[in-house]
Ligand SMILES: [Zn+2]
C-alpha cells in the first residue's frame, strides 16, 4: 500500500491489529537439516568442473544428484540470478514462493530450495554460505533473497519504454536455448522466479516496497549447495552488478561469477537417498 487509506478505521481496529502472529509453516515439521552428514560429505570432496559466467550473460550447468556446487565471487561484487530444473523434466523447477513461505525471504545454510508442485521436494540444500554473518541489517535487508523475480525486458519496457536484451530473464533464456537446443519461445516459458544469489534486499519499513542495496559480497565469497536430485542449473550475472544503484541497463560495473561442481568422496553418501516426489495422491477430492 503506497497510498494513504481511504477508509476510516473501525472502533475495534486496535483489537483486530493485536491478533498474535503465527508462523505459517513450522520449520520443525520439515525434513531436518543433517549438518553432520553434509559436513562429512563436503569435507573430502573433489572439484570435477568449473565454468565462468561472464557479466550480463548466463550459462547453464549440470549437477548430478549427490554432488555439490558453489557459486563463487571471483573479480568483484556481483549478483547472480539462479534457476534450477530437474535435469530430466524441466517442468519441475525451483519454486521461489514456496521456498520463501517455508523458510524465509532470504535463505542460507540449512535451507532447502524446493521444487514446484506436484513434486514439491527439496531440489538442493544450502550447505555453506560465507555471507551468513550478514544476518539482518538496520534497513531490514538480508542476503540471497527469494522475494525478487529476476530483471526482465517486459518490466523494463513498462517502466522505461525501451528494449534491453541483457536482463537476467533474457540471459537465462539464451543459456537454456544453447544448452537444450530449444526454440527461444519454448525456453523462455521455462525460465522462472530466481534465487537472487549474493543480492542484498528487503522491504522498506514505511511502504513495504522491495528495495535493493549494494551487495556485501567480495571476491572469495561463495554459497554452496548439495544437489538432492539431478539438476540443470542456469546462472545469470545480473546487469545490475552489485545491485547498489540500477539494473536492466549497461550502467553498473559487472563482474564474472564462477560455478564449481564437486564430487564427494566414495562412501561419503552412505545411507542418503534422493528425495522422492511428493506423496500427495493428486486426486484433489475428485472421485
Ligand atoms: Zn538481473
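So what's the back-of-envelope 222 nm ellipticity for the chain, counting only DSSP H runs of four-plus at -39500 (n - 2.57) apiece and dividing by all residues, rounded to 500?
Working: 6 runs with 49 residues, N = 287.
Roughly -4500 deg cm²/dmol at 222 nm, from the helical runs in the chain.
Using the alpha-carbon centroid of each, what span in Å lies between segment 94-160 and segment 214-281?
11 Å
Once every Cα of segment 108-166 carries one equal point scatterer and solvent is ignored, give the base-10 log of I(q)/I(0) from the Debye formula at q = 0.18, 0.23, 0.26 Å⁻¹, two decimals.
Summing over Cα pairs of segment 108-166 leads to -0.87, -0.93, -1.00.
Once the Cβ-Cβ distance between residue 109 and residue 3 is put in as r, and R0 is 35 Å, what FRET efficiency do you end up with, to the nearest 0.05?
The value I calculate is 0.35.
Which value, to two decimals, describes the C-alpha radius of gyration of segment 11-50 once divided by 2.2 N^0.38 Å? Could you put the intermediate results ahead of the total?
Values: Rg = 21.9 Å, N = 40, 2.2 N^0.38 = 8.9 Å.
After normalising by residue count via 2.2 N^0.38 Å, the value is 2.45.
With the Cα gyration tensor of segment 43-189 in hand, convert its eigenvalues to equivalent ellipsoid semi-axes via √(5λ) and list them largest first in whole Å. Spell out each step's value before the answer.
Details: eigenvalues 115, 87, 61 Å².
Value: 24, 21, 18 Å, ordered largest first.
If you rank 79, 194, 22 by fewest surrounding Cβ atoms within 10 Å, what's the result?
22, 194, 79
Hey, what's the Cα Rg ratio for segment 150-239 versus the globular rule of thumb, 2.2 N^0.38 Å?
Numbers: Rg = 15.4 Å, N = 90, 2.2 N^0.38 = 12.2 Å.
So the Cα radius of gyration is 1.27 times the expected 2.2 N^0.38 Å.
Ratio of Rg to Rh for segment 1-106, alpha carbon only, Kirkwood?
1.12
Rounded to the nearest 0.05, what FRET efficiency is calculated for residue 36 and residue 276 with R0 set to 35 Å and r the Cβ-Cβ distance?
Details: r = 23 Å, r/R0 = 0.65.
Taking R0 as 35 Å, the efficiency between residue 36 and residue 276 is 0.95.
How long, wide and thick is segment 175-227, going by the Cα atoms along their three principal axes, in whole angstroms, largest first?
On the principal axes, segment 175-227 reaches 44, 33, 20 Å in Cα extent.
Please report, in cubic angstrom per residue, the volume enclosed by the convex hull of the alpha-carbon atoms of segment 83-139. Please list the in-between numbers first.
Numbers: hull volume 5.3 nm³, N = 57.
Residue-normalised Cα hull volume stands at 94 Å³.
Please compute, for the alpha-carbon atoms of the chain, the extent along each of the three principal axes and give them in descending order in Å.
67, 48, 46
When a footprinting reagent is the concern and you count Cβ atoms within 10 Å, what order do 121, 42 take, fewest first? Please report the intermediate quantities before stating the final value.
Working: 121 21, 42 18.
Going from sparsest to densest Cβ surroundings: 42, 121.
Which order do peptides 226-234, 2-10 fall in by mean Cβ count within 10 Å, highest first?
On the way: 226-234: 23.3, 2-10: 6.9.
Highest mean packing first, the order is 226-234, 2-10.
None of the figures in this text is laboratory data; all of them are computed from the coordinates on show. Remember, it's a predicted structure, so these values are computed and weren't measured experimentally. We place every Cβ from the backbone using ideal geometry, glycine too, and count neighbours over all the protein chains shown.
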